[in-house]
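For reference, the structure is listed below as structure tokens.
The values are calculated or read from the model by the stated rules, or taken from the named source; none is laboratory data. None of these values were measured; they are calculated from a predicted model. Note: ideal-geometry Cβ built from the backbone for every residue, glycine included; neighbour counts use all protein chains shown.
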There are 2 protein chains.
Amino acid sequence: MGVNYFRRDGRDSKFVLLEHLDVERLLSYAPYQDFSADEFVMIIDEALKMGKEVLGPALQDGDRIGCTYEGGKVSIPDAFKKCWRVLNENGWPAAAFNPEFGGQGLPAVVGGLAGEILRGANMSMMIYSGITVGNGHLIENFGTDQDRAMFLEKMYTGVWGGTMCLTEPDAGSDVGDVRTKAVPDPEAGDPRIYKIEGVKRFITGGEQDLTENIIHLLLARIEGGPAGTKGLSLFVVPKIWVNPDGSLGEPNDVFCAGIEHKMGMHACSTCTMNFGENGGCRGILLGEPHSGMAKMFQMMNHARIGTGVVAAGITASAYDTARIYAKERVQGAPLSDRNGPAVPIIQHEDVRRMLMNLKAGSEAMRVFAAYLLFNSDVAKHDPDELERQRARARVDILTPLVKAYPADLGWVLIRDAIQVLGGAGYCSDFPVEQYARDLKILSIFEGTNYIQSLDLVGRKIGAQGGKVFQEWVAELMAFANQNQADRDFRTDFELLSQAVDMVADFAQRFTGYFKQGRISLVPMFATRFLDSFAEAVMAKLMLEQGLIAREKLATVALASSDGVFYQGKVASAKFFCRNILTNVFGRHAALRTEDLSAMEIPEEAF
Amino acid sequence: MGVNYFRRDGRDSKFVLLEHLDVERLLSYAPYQDFSADEFVMIIDEALKMGKEVLGPALQDGDRIGCTYEGGKVSIPDAFKKCWRVLNENGWPAAAFNPEFGGQGLPAVVGGLAGEILRGANMSMMIYSGITVGNGHLIENFGTDQDRAMFLEKMYTGVWGGTMCLTEPDAGSDVGDVRTKAVPDPEAGDPRIYKIEGVKRFITGGEQDLTENIIHLLLARIEGGPAGTKGLSLFVVPKIWVNPDGSLGEPNDVFCAGIEHKMGMHACSTCTMNFGENGGCRGILLGEPHSGMAKMFQMMNHARIGTGVVAAGITASAYDTARIYAKERVQGAPLSDRNGPAVPIIQHEDVRRMLMNLKAGSEAMRVFAAYLLFNSDVAKHDPDELERQRARARVDILTPLVKAYPADLGWVLIRDAIQVLGGAGYCSDFPVEQYARDLKILSIFEGTNYIQSLDLVGRKIGAQGGKVFQEWVAELMAFANQNQADRDFRTDFELLSQAVDMVADFAQRFTGYFKQGRISLVPMFATRFLDSFAEAVMAKLMLEQGLIAREKLATVALASSDGVFYQGKVASAKFFCRNILTNVFGRHAALRTEDLSAMEIPEEAF
């Protein structure tokens, strides 16, 4: 049994929800009127308890025991089975989903902040639940009443699992190459039932022994359908067939041919799935034929925000492990008192710098993801149509950012957590090296980070004739200008102003490159544009927090727990701007060179 | 048995040695006069063969099987035993060591370039040999004739292993806290023989079953000796006692109490060692009492350059895996031809950018380490005293840079290698994720990267009244100015000039901070100063290579293998300056804020 290092302090999550974002506005929306701010706080506290008592203790077992495969069956570590049961008994997986079908109906932002805690405690475990309810949500949105009755409650309550089957051995980032095919099954007596045949790869949770059934959502091409993504249809393919009354029927012809051995996420099965090897796989068409990709994207967009939530959670957990270790470990004297006694290493300047990287970075990720989820609540429920549209546009443009940037920042920040622990950080007793390994998948799955940057420059920046992006630039700039003389954050607003100029210049140059036919320059700098834009938006959110914290500091004793927290918040805002946002200067210096050496070099020189 | 992915092309190593650095000068030195440039090329080729045929095939076994511990004994995977035998039969471990005692007497730079290939093929294996010969070298330098006769040849030829025992559970970065004690052994009849008692932790190769004996070099405090590092003495502590005639005696009281489970380097044992648990451990004092730290530093400095060599080797191997994969994997169309057919992913702009990061970054690491080793050859053998001194000073100031910077850059670059492979990069079939895990130790051992930055700002920058550093700044600046109108590299020399200004400003500000008593600002920005200085020096080396390659390009057919290589070299030089050196702009923007938020925040806010 591994050691439980999960020790999140939920104060910042509560600050984001109750002191930064507009929780009153959420509570005014019809579906949330029965909740209260106090209940939201209780939910955060319950998530902390779940993380500390249930999920955290299973983390290291998951890594060390991992999944095992034998003859088509996959076993998940025993500790995870207990987690799954308790998670579902307490309604966590579908906390922010429809209560009509077993969900708890929480606002997305509350579910997200609680989810970040749970994911930070045990990412492998939470991926099973995230994918199951995300899957169910697609059936909720696009299925018939009959589909909903057959599948939803079982999925939202964790009786059945779910998967998302896109990738194939020869169709990864290019989903349009999917070869899995579907043909109508004349014997079925139901025109929505098709026979399915194909192989899917990298299927998360494709096989497991947590649930009695697994509902695969699968992209396949109906025979004769158009080429590319436009010919893909979405099918519900249960591992065990589900009868119209919801009871289980015969096993479907679905076989797990093996699992991957991975860098991390050892307890999360990644499967190769054979559908219809023996000609007996059936699936139910979800919605119209050839409309699968758009539907899958709805889930994918949700999952992309979820990726940012996971990155925030894991990075925060790495921070927790590092800060607690740094307070306990005594070693050497700091440079500013070099002949003094040995002190806890948290008093060493460089250790403090690394901890601030982790603190400011993980807090910025947290509020960034929460801000998107808050806006997705607004987009769904605000009574004002314009407000809804505006919020929807904000979510859309920021989704590729929150998917990509925190995943890559996390890799660099967890390096610091390992470094704070020194040799102990390289050993597996502490989970910091596991956090790095678990996190690494985030830049790859749900669309690689480069695909996110193409989504940003190819679709999102041009949305509404560029209006959404321009509004962001204007808003960031106005915020910086408005506060340029601030007594504490003057430096930071000045940095923000310069960074926003650079971000705007990226976009302007890209427009020029498209016009001038110098298109290769766009993808060459697209990920750096995405990172810079993300840092500017996160800097704004952090500075908003800094201003709020400063105001509140005047009302509390400095030494009180709130006083200490607000001081920490002010420091995080400054540190983020001065040490992370400043990366934009380096990226923009690179952009100005308009370097194409990577394209000019002959391919054989690699 | 794992798959062998090692496919290094040695062209760049030969370019560094024969076309960039001054090999003729080396060959003019007395100890190297019997060598020829052709022989050096043969040695590189032999190293490639050893990597491909012997070390590479064992890499994945090492990771998957790892070391096992039982009752004080450590077993290393069988595949490694074969490697060890063949390595030593071919004289690799002591290739650049004294031929009088079984070494091959190669120049350090040739040994280093060959060693980078071997280390890139199998880091875990090569650490055993590196530590053994480094250890032997200390005995060669500081032992008596009798010591040399007893230990050296056995160590240089791999019959016996060696270790370096500094760290203790409560003495990590602060070596001065070492508690292991030594008392004269009156029964021994030799005043150099002491009884040793203490516990050492994180001892690489502390126990293994590769060699019949293990010679520990151990830091201990002779009872009554001064506190801190000034009271530490160095002892030779054999696992099995060695009789004066070199034959093996009784087992010494040395016990391996356990091994660590680590993120990577699974086949490299990391041991907790109990010395004298039963009162029967004997060691031989090496040199004068209380002079151990300085001696250990000689080895440490060599090991620090070696760390840069390893980082270069592993990053280059990650690059090799990624570039070969990218040429084979067909997926999607590039943005500049988005409606075109699917192409090998090496034609996608972002994949190419990532490959260039890996190519330019690993080449820069290679030449950086080789440049230091070349200078250490000059420092040892040049007939001109002033030249020797100058070269020694260069090695000294750059040693912390080559230890620290490539280790951290490697972490970010191997991320790109994983990303090029996508989902496959996260799986363990390919070794890229293993490279990331293996490499991570480099920023921690041999003195953490922060300790390197303190060595740089606390000792090296001030050496000779600041003269060595100022000469570097002047030389970099002169090189940039001299070439400011270059038709191909104008942009790059301009960037170098700006970056050097920033590097100089770092140092100038640090001097100010010391004077003004704002000392905390120094360690707060010290690692960023080190990284920036390293990038400036590496940019110079890369631009030198770019200029040479351009000149040679005029003499060969563009499509010839040399033509392709030189074009690649020109691209690497540009890419390094425009995409990696530009990071200095971000770090300097951070410096200008003189941010101390990490110190101002109350400790409890962490």
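A few points about this structure:
- Out of A:Ser572, A:Ser560, sole residue that is more than 16 Å from A:Ala526 (Cβ to Cβ), of a type outside the set (Asp, Glu), more than 7 Å from chain B (Cβ to nearest Cβ) and in contact (Cβ under 8 Å) with a residue 24 or more places away in the chain: A:Ser572
- Restricting the range B:335-379 to residues that are free of Cβ contacts under 8 Å to residues at least 40 places away in the same chain and within 24 Å of the chain's Cα centre (by Cα), the residue that is surrounded by the fewest Cβ atoms within 10 Å (Cβ to Cβ): B:Ala379
- Extreme residue, farthest from the chain's Cα centre (by Cα), among residues of the range A:585-605 that are facing another protein chain (nearest Cβ under 7 Å) and buried (at least 22 other Cβ atoms within 10 Å of the Cβ): A:Ile601
- Index of the failed condition, A:Ile414 passing every other in (1) surrounded by fewer than 21 Cβ atoms within 10 Å (Cβ to Cβ); (2) in contact (Cβ under 8 Å) with a residue 60 or more places away in the chain; (3) under 26 Å from A:Phe575 (Cβ atoms): (1)
- Matching option when the condition is touching a strand residue (DSSP E or B) at 6+ places or on another chain (Cβ under 8 Å), outside any helix (DSSP H, G or I) and either of a type in the set (Phe, Trp, Tyr) or crowded, with 23+ Cβ neighbours inside 10 Å (or both), among A:Phe445, A:Phe430: A:Phe445
- Restricting attention to the range B:485-511, the residues that are more than 19 Å from A:Glu594 (Cβ to Cβ) and either surrounded by 13 or more Cβ atoms within 10 Å (Cβ to Cβ) or not assigned by TED's automatic domain parsing to the domain that holds B:Met542 (or both) add up to 11.
- Take the conditions (1) assigned to a helix (DSSP H, G or I); (2) within 8 Å of chain A (Cβ to nearest Cβ); (3) touching a residue at least 24 places away in the same chain (Cβ under 8 Å); B:Asp531 misses just one of them, which is (2).
- Checking each residue in the range B:290-305 for being closer than 26 Å to B:Pro251 by Cβ and over 20 Å from the mean Cα position of the chain (by Cα) picks out only B:Gly292.
- Among the candidates B:Tyr371, B:Tyr325, residue that is of a type outside the set (D, E, K, R), assigned to a helix (DSSP H, G or I) and within 14 Å of chain A (Cβ to nearest Cβ): B:Tyr325
- Any hit, the range A:412-419, residues being under 19 Å from A:Tyr29 (Cα atoms), modelled with pLDDT of 95 or more and in contact with a Lys or Arg (Cβ under 9 Å, 6 or more places away or on another chain): no
- If the condition is being out of contact with any Pro (no Cβ under 7 Å at 6 or more places or on another chain) and under 13 Å from A:Met123 (Cα atoms), then the range A:310-329 contributes A:Val310, A:Gly313, A:Ile314, A:Thr315, A:Ala316, A:Ser317, A:Ala318.
- Meets criteria (free of Cβ contacts under 8 Å to residues at least 60 places away in the same chain, β-branched (Val, Ile, Thr) and not assigned by TED's automatic domain parsing to the domain that holds B:Phe469) for B:Val402: no
- Among the candidates A:Ser129, A:Ser75, A:Ser124, residue that is among the polar types (S, T, N, Q), in contact with a Cys (Cβ under 6 Å, 6 or more places away or on another chain) and in contact (Cβ under 8 Å) with a residue 24 or more places away in the chain: A:Ser124
- In the range B:23-42, the qualifying residues are those that are under 20 Å from B:Gly103 (Cβ atoms) and of a type in the set (D, E, K, R), and the one that is surrounded by the fewest Cβ atoms within 10 Å (Cβ to Cβ) is B:Asp34.
- One residue from B:Ala391, B:Ala436 being more than 10 Å from every other protein chain (Cβ to nearest Cβ) and of a type in the set (Gly, Ala, Ser): B:Ala391
- Within the range B:241-283, tally of residues that are within 14 Å of chain A (Cβ to nearest Cβ) and of a type in the set (D, E, K, R): 2
- Against the numbered list (1) at positive phi; (2) buried (at least 24 other Cβ atoms within 10 Å of the Cβ), A:Gly332 comes up short only at (2).
- Among the candidates B:Gly313, B:Gly308, B:Gly287, residue that is part of a loop (DSSP other than H, G, I, E, B) and either more than 24 Å from the chain's Cα centre (by Cα) or farther than 30 Å from A:Val457 by Cβ (or both): B:Gly287
- Residue tally, condition touching a residue at least 24 places away in the same chain (Cβ under 8 Å) and either within 22 Å of A:Thr270 (Cα to Cα) or more than 8 Å from chain B (Cβ to nearest Cβ) (or both), over the range A:418-433: 6
- Positions within the range A:23-40 being in contact (Cβ under 8 Å) with a residue 40 or more places away in the chain and either within 19 Å of A:Ala369 (Cβ to Cβ) or aromatic (Phe, Trp, Tyr) (or both), in sequence order: A:Arg25, A:Leu26, A:Tyr29, A:Tyr32, A:Phe35, A:Phe40
- Test for B:Ala322: is it in contact (Cβ under 8 Å) with a residue 60 or more places away in the chain, of a type outside the set (Lys, Arg), farther than 27 Å from B:Phe97 by Cβ and buried (at least 24 other Cβ atoms within 10 Å of the Cβ): yes
- Options B:Gly2, B:Gly51: the member that is at pLDDT below 95 and crowded, with 16+ Cβ neighbours inside 10 Å: B:Gly2
- Residue ID - surrounded by the fewest Cβ atoms within 10 Å (Cβ to Cβ), chosen from residues in the range B:61-80 that are in a helix (DSSP H, G or I) and in contact with a His (Cβ under 7 Å, 6 or more places away or on another chain): B:Asp63
- Breaking point among (1) modelled with pLDDT of 95 or more; (2) outside any helix (DSSP H, G or I); (3) farther than 30 Å from B:Tyr566 by Cα, for B:Phe35: (3)
- Scanning the range B:161-185 for residues that are away from every other protein chain (no Cβ under 13 Å), touching a Phe, Trp or Tyr at 6+ places or on another chain (Cβ under 9 Å) and touching a residue at least 60 places away in the same chain (Cβ under 8 Å) returns B:Cys165, B:Thr180, B:Ala182, B:Asp185.
- Within the range A:328-368, the set of residues being closer than 27 Å to B:Leu454 by Cβ, hydrophobic (A, V, I, L, M, F, W, C) and more than 7 Å from chain B (Cβ to nearest Cβ) comprises A:Val330, A:Ala333, A:Val343, A:Ile345, A:Val351, A:Met354, A:Leu358, A:Ala360.
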